[in-house]
Amino acid sequence: MKPRDFFKHTRSWPLREFIGSGMVFLMKYYSVFILLSVIYKIIFLALNHGSTNCSFGDYIDVVIHGIKHDFAVAGYFTAIPLLLTTAKTFIRLPLRIFYKCYNMVMAIATSLAFIADITLYPYWEQKLDASAVLIYIDSPANAVASISSAHLITLVIVLAALTFGTYKLLSYICKDENKESPDIKAKPIHKTAKGIIYILSGGFLFLGIRGSVTESTNNIGTVYFKNQATLNDAAVNPIFSFLYTLANLEDFRDEYTFYSENECKELFDELYGQNAQLCDTLLNNTRPNIVTIIMEGMGGIFVEELGGIRGVTPNISRLSEEGVFFTECYANSFRTDRGILCTLSGYPSFPKTSVMKEAGKSSKLPSLASSLKKAGYSNLFLYGGDINFTNMNGYLYSTGYDRLLSDQDFTNTETATHRWGAGDDITFNKLYDIIMNQGGNPWHITYLTLSSHEPWEVPYNRIKNDKIANSFAFTDEMLGKFIERLKASDKWENTLIICIADHTVTGYPSGIKQTDKSRNHILFMLLGGAVKEPRQVDLICNQTDMVATLLAQLQLPIEEFKFSRNILSPEYTYPFACHCFNNGISLIDSTGYSVYDLTGNMEMTAPTTGNENRIRRAKAILQNTYIDFFNL
């Protein structure tokens, strides 16, 4: 059956009489963009898989996982026709000229996005990105400089043909919409019923655009499903990618320019040196199995040994004497998505930008997982919540993780234990089971806790007058039980456990200000049988320094981690920690603590010795980070 005959055939559907011609039109219009997107994905993968051997199953996976983006794009493009069809139920609207123009715009946009993405992907090695496109908008010749004349002519012909075909298809679907709607002569009650149907259809479109009924929304990494970049990129709809990056667009070149390029570089080079040489070693061997536990919000305020409240985390207090305990570690940022990336990629945060959400750039960052993978490690990530949140799924797959476990791997009963997903009692048990089932060596598991997060509701009631502290006491209890179980197993002897917080709890305790250095103080300690002996490290450092410090202990390269320092290196002679918050930066060193308001261009802390130098260095770090991020 030809496409034209198919659409004619649908006019005799019984369903058409029930839901009306307008709804049938919308279903057809919506379906066309789904169909075009699916066909595009298949063609994209066929042309760009390179040396990767793609099976029939890979094509199916790309289509199935990528459908979320296709629903979103189809929803965007069908939203206006839905509004007009709804209006036509009640008033007369001449739409013939409008649909001619609208269909042409849709045809050009769709065809141009598909052709540009397929063509530019081998050069850019990333999906259609608004920031990349806008770089070339003033100089289109540079965008096609690498394409031969013959190839360019072919592309123009293909683009014209695809645009014409798409336009004709959309125009045929809109043929009846150019006429007066039969609903306009219907009884008011029938019009109202049709209006309700259209409103419900709008909810369906919105859900498709949003991509989820949970806290997470559609992002580029939502459709990632494997640690193979080509397959993940094939699943990404280029129109969605362009619109998403356009909505989150920032000009990173011009953000926070305080100094000349040379002066900024000189200041930065004084602060970050790369040296893998060790003063001494913390571990028994250079290839232990590794468990990285990123502890949600575990600030120093909850740990007595870090100057925090007494009795909240007694297990951490006990364990701090059994491993390597870092007493002066500070968070780089204030949100989980940022803290995870700072920890795993050793990359600083920004005041207003979440690096993890910038899929085209965060996928290019170095990471602990990718470095360990090169050394023969397998990598697994465990989280009891929605791993699609803030592009976490995409970031993890693109930076070396082989397998991700999240709320989809737990029962509904388990994920109902906390607003964000499976509670720490459940996930710590899951972590233990995963470790027990690990066969060959070496392996690396990253685990993100979640119970110590608002609304602070946990199945625990030791601290009755403080819900927040009680939730951290619960996580501490689960950590203690997990460590004791692991100690009794044969896995303990060759396992290194890293406990590090992603950030602190903003505003806890009540009244703490940004100018209080303890606000960013976090937990960082090493445990396990792989630790040579208990030790306390009192050097000021950031969570970003964990990666270089650990890799140096494993005698693995750290040069690609520009912003992560091996704090046990002889060259770590200026210990400091920097932090970014909304429109502000801070820096702490042995001489004091300084905070600077970027919006008001003013110091927030009282003038003290070294204040000017600390702020100057913090500005240089921020400026250099933006330059580096722009060039990714």
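The values are calculated or read from the model by the stated rules, or taken from the named source; none is laboratory data. Note that the coordinates shown come from a computational prediction; the quantities given were computed from them, not determined experimentally. Here the Cβ positions follow ideal geometry from the backbone for every residue, glycine too, while neighbour counts run over all protein chains shown.
Worth a mention:
- Within the stretch 365-380, considering residues that are more than 20 Å from the chain's Cα centre (by Cα) and more than 11 Å from Leu551 (Cβ to Cβ), the one surrounded by the most Cβ atoms within 10 Å (Cβ to Cβ): Tyr377
- Any hit, the stretch 49-57, residues being touching a residue at least 40 places away in the same chain (Cβ under 8 Å), within 26 Å of the chain's Cα centre (by Cα), assigned to a helix (DSSP H, G or I) and surrounded by 13 or more Cβ atoms within 10 Å (Cβ to Cβ): no
- When each of Arg310, Arg318, Arg335 is tested for being free of Cβ contacts under 8 Å to residues at least 12 places away in the same chain, among the charged types (D, E, K, R) and surrounded by fewer than 20 Cβ atoms within 10 Å (Cβ to Cβ), the lone residue that passes is Arg310.
- Of all the residues in the stretch 528-571, those that are surrounded by fewer than 24 Cβ atoms within 10 Å (Cβ to Cβ), free of Cβ contacts under 8 Å to residues at least 60 places away in the same chain and out of contact with any Asp or Glu (no Cβ under 6 Å at 6 or more places or on another chain) number 1.
- Single match in Phe114, Phe90, Phe98 (criterion: part of a helix (DSSP H, G or I), touching a helix residue (DSSP H, G or I) at 6+ places or on another chain (Cβ under 9 Å) and closer than 30 Å to Ile196 by Cα): Phe98
- Remark: pairs (first residue in the stretch 395-409, in contact (Cβ under 8 Å) with a residue 12 or more places away in the chain; second residue basic (Lys, Arg) and surrounded by fewer than 23 Cβ atoms within 10 Å (Cβ to Cβ); Cβ separation under 7 Å; 6+ apart in sequence or on different chains) = Tyr397/Lys226; Gly400/Lys373.
- Tally, over the stretch 401-423, of residues that are buried (at least 22 other Cβ atoms within 10 Å of the Cβ) and over 22 Å from Met478 (Cα atoms): 1
- Hits in the stretch 578-602 (condition: touching a strand residue (DSSP E or B) at 6+ places or on another chain (Cβ under 6 Å), surrounded by fewer than 21 Cβ atoms within 10 Å (Cβ to Cβ) and within 13 Å of Gln514 (Cβ to Cβ)): Gly584, Asp597, Leu598
- Listing of helices (runs of 4 or more DSSP H) fully contained in the stretch 309-387 that carry 3 or more residues being at pLDDT 95 or above: 314-319, 336-345, 368-374
- Members of the stretch 493-506 that are farther than 16 Å from Thr336 by Cβ and either surrounded by fewer than 18 Cβ atoms within 10 Å (Cβ to Cβ) or in contact with an Asp or Glu (Cβ under 7 Å, 6 or more places away or on another chain) (or both): Glu493, Asn494
- Top-ranked residue in the stretch 338-357 [being charged (D, E, K, R) and surrounded by fewer than 24 Cβ atoms within 10 Å (Cβ to Cβ); ranked as farthest from Leu431 (Cα to Cα)]: Lys352
- Some residue of the stretch 142-160 being at pLDDT 75 or above, part of a loop (DSSP other than H, G, I, E, B) and within 24 Å of Tyr29 (Cα to Cα): no
- Any hit, the stretch 2-11, residues being over 24 Å from Met106 (Cα atoms) and either at pLDDT 85 or above or not basic (Lys, Arg) (or both): yes
- Number of residues in the stretch 579-627 that are β-branched (Val, Ile, Thr) and farther than 25 Å from Leu539 by Cβ: the value is 2.
- Residue satisfying condition, being among the hydrophobic types (A, V, I, L, M, F, W, C), part of a strand (DSSP E or B), within 32 Å of the chain's Cα centre (by Cα) and not assigned by TED's automatic domain parsing to the domain that holds Gly376, within set Ile567, Ile615, Ile588: Ile588
- Residues of the stretch 486-527 satisfying the condition of being touching a residue at least 12 places away in the same chain (Cβ under 8 Å), among the charged types (D, E, K, R) and closer than 28 Å to Ser354 by Cβ: Asp502, Lys517, Arg519
- Criterion applied to Thr625, Thr515 was being out of contact with any Gly (no Cβ under 9 Å at 6 or more places or on another chain) and within 26 Å of Ser260 (Cα to Cα), and the one residue passing it is Thr625.
- Positions within the stretch 244-265 being part of a loop (DSSP other than H, G, I, E, B) and either modelled with pLDDT under 85 or touching a helix residue (DSSP H, G or I) at 6+ places or on another chain (Cβ under 7 Å) (or both), in sequence order: Asn248, Leu249, Glu250, Asp251, Phe252, Arg253, Asp254, Glu255, Tyr256, Thr257, Phe258, Tyr259
- Matching residues in the stretch 290-308 - criterion: being part of a loop (DSSP other than H, G, I, E, B) and not small (Gly, Ala, Ser): Glu296, Met298, Val303
- Residues satisfying the stated conditions in the stretch 466-480, i.e. closer than 21 Å to Cys342 by Cβ and β-branched (Val, Ile, Thr): Thr475
- Exactly one residue out of Ile445, Ile483, Ile463 is in contact (Cβ under 8 Å) with a residue 60 or more places away in the chain and more than 26 Å from Leu341 (Cα to Cα), and it is Ile463.
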